[in-house]
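The block underneath contains the structure these notes are about, expressed in structure tokens.
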Amino acid sequence: MCDKPLTIADHDAASTHPPPGPPRGTLPAVLPPPFHIVLLNPDIPNNTGNIGRTAAATACRLHIIHPIGFDMSEKMRRRAGLDYWNLVDCREHETWPAFLDAERPGRLWLYTTRTDRPHWQADLRHGDYLLFGRETRGVPPEIHEWVRANYGADHRITLPMVPDPRARSLNLATAVCAAVYEGLRQLATRHD
């Protein structure tokens, strides 16, 4: 299970080590989060753990939409060595409709291999939702259609790859990390 929403005060209280000198390449502590990382039905716990670390390191909020392919209980997180999970601002949603009801995303971008539009052509903004599908099947066609209907076809974006079918797709955690840092680059460029 995900913990309650994290605040800057919680993050400071959770730290057991004093900050080492002036930090290099740090991001400002931001509330609300710069981006919402949305995982639709993830299958692989290690990917979700790595994505949680990316979320914690970038002050993004992580949304996990059930059903998922693993146990997210505190016991299983401890067993997996996710000692940083208390730093992850994570929300779990029972279903896609429950996510939509709770969040009502103003701007959402679907990362998919089923489009040719590279993600650097997207105008990512503070507070945008970045949606990623299940590792084994991606996002179902009805959600692709929902994104088209609600945000336009240009809100379906991809991380370009070589045209070799053996490459298939990037690892989910790698794709999320690339997407978040492209978004942060855009925010920094515009001074958002």
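Any read-out appearing in this document is the output of simple, stated calculations on the displayed coordinates, not a laboratory observation. For clarity, every value in this text was computed on a predicted model and none was experimentally measured. So basically every Cβ, Gly included, is an ideal-geometry build from the backbone, and we count neighbours across all protein chains shown.
Structural remarks
- Sites residue 100 and residue 166 - FRET efficiency at Förster radius 35 Å, r taken between beta-carbons, to 0.05: 0.45
- Residues 126, 191, 93, sorted so that the one with the fewest Cβ neighbours within 10 Å comes first: 191, 126, 93
- For a label point 7 Å along the Cα-to-beta-carbon line of residue 120, residues of region 152-171 with backbone N under 11 Å: 160
- Going from the residue with the fewest nearby Cβ atoms within 10 Å to the one with the most, 177, 90 rank 177, 90.
- Cα-projected label distance for residue 57 with residue 107, points at 7 Å along beta-carbon direction, nm: 2.4
- Solvent-free Debye calculation, one equal scatterer per alpha-carbon of region 30-190: log10 I(q)/I(0) at 0.19 Å⁻¹ equals -1.29.
- Averaging Cα coordinates gives a centre for region 86-123 and one for region 150-192; these two points are 12 Å apart.
- Packing, taken as the mean count of other beta carbons within 10 Å per residue, orders the peptides 164-176, 33-45 from highest to lowest as 33-45, 164-176.
- Gained length - residue 153 relative to residue 137, 0.36 nm times residue gap less alpha-carbon distance: 3.8 nm
- Dividing the mean sequence gap of close Cα pairs (under 8 Å, 6+ apart) by how many residues region 30-190 holds gives a relative contact order of 28 percent.
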